[in-house]
1. For A:Thr83, what charge total do you get from the other residues with a beta carbon under 10 Å from its beta carbon, if Lys and Arg give +1 and Asp and Glu give -1?
2. Report, to the nearest 10°, how far helix A:175-190 tilts away from the longest principal axis of the Cα atoms in chain A, using its own Cα long axis and a range of 0 to 90°.
3. When you take every Cα atom in the range B:20-167, what is the radius of gyration, and what is Dmax, the widest Cα pair distance, in Å?
4. Quick one: helix A:3-13 against the long Cα principal axis of chain A, what's the angle to the nearest 10°, folded into 0 to 90?
5. Among A:Phe52, A:Phe195, what is the fewest-to-most ranking by other Cβ atoms within 10 Å?
6. Non-local amide H neighbours of B:Leu68 (under 5 Å, H modeled in plane, Pro and chain starts lacking H): which ones?
7. Kirkwood hydrodynamic radius, computed over distinct alpha-carbon pairs, for the range B:9-73: how many Å, to one decimal?
8. Based on DSSP H runs of at least 4 residues, each adding -39500 (n - 2.57), what is the mean residue ellipticity at 222 nm of the protein assembly as shown after dividing by all its residues, to the nearest 500 deg cm²/dmol?
Amino acid sequence: MRAREAIDVLARHRGDAVAVCALGMAANEWWAATKSEDSFYMHGAMGFAASFALGLALSLPQVPVWLINADGSLCMNLGCLLTEASQAARNLKHFVVDNGVYQTVGGLPMVNEARTDYVAIARGAGFARARSIQELDDLERQLPGIAAEDGPSFTVLRVEPESGFLRTPPMTYEGPEMKYRFGRALERRFGIEVFGPQGY
Amino acid sequence: MDVTEAIHGELTKCGVKLAASLPDDWVAPLIQRIAADNSIRHVRVAREAEAVAICSGAFFGGVRAVALMGATGLLTCTGELATLNLRHQIPVFLIVSQRGSIDDHRIYQEVQGRRTIPLLQAYDFPYHVVDRPDEIASIPDAFETCRLQKRPFVLFLTRRLVKGSAA
């Protein structure tokens with residue numbers, strides 16, 4: 001399956017989930033599929049969308065949080081799996097778009113390309129629910145169950161690398177504006193106070 | 001005055017409900033005290049930048065958070081502090097041991113002592129040094145300044161504060 005197809009399936013099944021996207025391809029494709037303001041799109045801190053999603057999930061334990069990670073970002077911070085497993089947030093689902101390359105910079109190969117078993121790494125870190133999916137119809141079939149099961153779970157979406165640059169444009173507003181749109185969206189949806197009475 | 005008890009009390013006044021930590025020996029007693037408080041969700045991390053990003057995510061859940069680490073750990077997460085917290089103007093409150101001070105006779109801490117504050121100044125990250133027990137009461141003001149300035153704020157704990165003047 002292709003990354004866009006896999007992301008489209010996730011977007012259709014997200015339900016009420018709040019999403020956190022790793023920078024680059026994951027964020028750009030999620031924006032293209034959802035145009036959602038109740039999603040956080042990382043601009044930097046490669047590898048740490050996972051930690052950001054964990055902090056959000058622990059803070060809103062009744063809200064499903066979906067992490068749309070990518071293999072390059074996961075490898076930048078594999079230790080996140082230890083922390084996620086130890087915290088055992090039931091509302092956190094970790095998806096990894098795995099194409100074996102650094103797609104955003106033109107498809108250069110990942111370290112240890114095609115020989116790394118991320119599911120085995122996640123299980124070794126303490127995830128009880130970890131699987132890899134590489135066919136689109138299989139993803140369609142499994143995703144309702146993944147969405148309904150208790151987290152933390154870890155799902156690798158094995159997709160084909162694209163040739164060259166993936167040209168999906170990034171979201172159309174930048175850092176501080178995205179902060180306020182995301183925070184205000186969560187305030188409206190969940191009745192929480194992210195910003196104080198003076199707006200900061 | 002028990003210093004860790006006093007800092008813990010001020011963090012409680014700030015409304016802190018989540019703490020993410022990776023210890024060095026100066027902040028370890030404070031981390032252990034916070035870990036024993038059931039009203040604060042404590043997250044042990046494998047790398048200090050995880051603590052930064054966890055606290056940043058907690059901010060959007062409306063939860064006040066603190067990251068605890070040593071000075072060496074702070075140096076490891078300057079990239080994430082810049083490209084996550086500066087980029088998006090997300091406040092994150094860090095409590096950090098001020099290693100490499102003139103009374104910290106550890107050769108492996110001397111660079112941290114010389115270069116950490118100039119590095120924070122280069123990034124324009126505000127900081128505040130707590131050197132005496134009676135200055136611990138400044139923590140709520142520091143926490144509010146962090147939120148108001150919408151960026152990383154480092155509260156340094158000195159050796160004299162955490163180890164005592166006789167240590």
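1. Working: positive: B:Arg44, B:Arg47; negative: A:Glu84, B:Glu50.
After counting each charged neighbour, the total is 0.
2. The answer is roughly 70 degrees.
3. Just the Cα atoms of the range B:20-167 yield Rg and Dmax of 14.4, 43 Å.
4. On a 0 to 90 degree scale, this one is about 50.
5. Details: A:Phe52 31, A:Phe195 16.
So the ranking, lowest neighbour count to highest, is A:Phe195, A:Phe52.
6. Under 5 Å from the amide H of B:Leu68: B:Ala20, B:Ser21, B:Leu22, B:Ile95.
7. On the way: mean 1/r = 0.0854 Å⁻¹.
Answer for the range B:9-73: a Kirkwood hydrodynamic radius of 11.7 Å.
8. Working: 15 runs with 151 residues, N = 367.
The per-residue figure over the protein assembly as shown is -12000 deg cm²/dmol.
Rule-based calculations on the coordinates, nothing more; no lab input. The shown structure was predicted, so the numbers you read here are calculated from the model rather than taken from an experiment. Don't worry about glycine lacking a Cβ; one is built from the backbone with ideal geometry, like all the others, and counts go over all protein chains shown.
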